[in-house]
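Inspection log for the structure reproduced underneath, given as structure tokens.
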Amino acid sequence: MTGSEIKKARKARALSQQEAARRLGVTQGYLSMLESDQRPVPNHLAKRLRQVYGLSLTALPLSQRWNKQPIDENRLAAQLAAAGYPGFSYLSGRTNRNPAELLLSALAHDELDPRIAEALPWLVFTYHDLDWDWVMREAKIHDLTNRLGFTVTLARELAQEQGKLDIAPALAKVERQLERSRLMREETFCHESMTEAERRWLRQRSTPEARRWNLLSDLSVEHLSHVSA
């Protein structure tokens, strides 16, 4: 979160620097230094800035080096619900986690609940303004490029289906960048315990989108119709 972004967000809320500083619990002088990039934004204040200015979850700070360790699926589902995913609307909770980290934490699972896997294209579609340089760098480091590429492809198709002509081209650009690092080995979409018989079956029935990313999966944008709203 840069100083200019902080200043723009404050002005969008029609807040004076003095009033914004009061709501944030900092001095006006300190806020002025943040807005002029004279001070970095600490993590705790980034969360407060998001709340006071009504910023997207994508404004939350990202780890310099992401930890690939998958998190519990129940926590993943609760965080997706807190991020607004309608498929888990029956769950309650709050999240102070950037959707970029949530996305990679899910993709890092070798065994992922299919309901969570189906939520990931929605996550990319909804939070298409992710820090894609960070996401693609960490995906490449941790060999998640193909799973990420497949997710972005489905999100782009969902955007096209919904007539979101501003989102689809942006995601198509991400797809093209990911293709440069596409892995050649065959993978699954977070279902590595699949038997050889299941793999043979899916080799015949995987969607063109999955085959493009060397994945065994029959997940398609048609399966996402219940979350497109």
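Compute log10 of I(q)/I(0) for the stretch 3-55 with the Debye formula, placing one identical point scatterer on every Cα and leaving out solvent, at q = 0.18, 0.23, 0.28 Å⁻¹, to two decimals. Values, matching the q order: -0.46, -0.80, -1.28. Going by the alpha-carbon gyration tensor, a ≥ b ≥ c the square roots of its eigenvalues, is the stretch 180-224 rounded (a/c under 1.5) or, if a/c is not under 1.5, prolate (a/b greater than b/c) versus oblate? Taking the square roots of the gyration eigenvalues as a ≥ b ≥ c, the stretch 180-224 is oblate. Taken one residue at a time, the phi angles of the stretch 180-197 give Karplus couplings (6.51, -1.76, 1.60, θ = phi - 60°) of 5, 10, 4, 8, 8, 6, 6, 9, 10, 8, 6, 8, 6, 7, 3, 6, 5, 4 Hz. Gly and Pro are set to x. Ranked by the mean number of other Cβ atoms within 10 Å of their residues, highest first, the peptides 67-75, 128-136 come out as 128-136, 67-75. Under conditions of 20 °C and 1.002 mPa s, the stretch 96-199 yields 153 µm² s⁻¹ as its translational diffusion coefficient, taking Rh as the Kirkwood radius over Cα pairs in the Stokes-Einstein equation. Taking 20 Å as the straight-line reach from the Cα of LYS7, the lysines in range (excluding those fewer than 8 positions away in the same chain) are LYS47. Using a cutoff of 8 angstrom between alpha carbon atoms and counting only pairs six or more residues apart, the relative contact order for the chain works out to 15 percent. In order along the stretch 219-224, the Karplus-derived 3J(HN,Hα) couplings, from 6.51 cos²θ - 1.76 cosθ + 1.60 at θ = phi - 60°, round to 5, 9, 5, 4, 6, 9 Hz, and Gly and Pro are given as x.
Our coupling estimate for the stretch 11-21, obtained by passing each phi through the Karplus curve with A = 6.51, B = -1.76, C = 1.60 and θ = phi - 60°, is 5, 5, 8, 6, 9, 6, 4, 5, 5, 5, 4 Hz, Gly and Pro reported as x. Built from the Cα atoms of the chain, the convex hull projects on average onto 13.5 nm², one quarter of its surface area. For LEU216, the residues whose modelled amide H falls within less than 5 Å of its own, excluding neighbours fewer than 5 places apart on the same chain, are GLU187, THR188, PHE189. Can you compute the label reach from GLN177? Point 7 Å from Cα along the Cβ direction, backbone N cut-off under 17 Å, restricted to the stretch 123-141. Correct set: 124-141. Compactness of the stretch 1-119, taken as the C-alpha radius of gyration over 2.2 N^0.38 Å, stands at 1.24. Compactness check for the stretch 25-94: Cα Rg over 2.2 N^0.38 Å is 1.41. Can you give the log10 of the normalised intensity I(q)/I(0) at q = 0.14, 0.16, 0.24, 0.25 Å⁻¹, computed with Debye over equal Cα scatterers of the stretch 152-229? With no solvent term, the Cα-only Debye profile gives -0.52, -0.67, -1.14, -1.17.
Shown for ARG205, ARG211: other C-beta atoms within 10 Å of each C-beta, ranked fewest to most, produce the order ARG205, ARG211.
Every number in this text was worked out from the coordinates using simple rules, so none of it is lab data. These numbers come from a predicted model, not from an experiment. We place every Cβ from the backbone using ideal geometry, glycine too, and count neighbours over all the protein chains shown.
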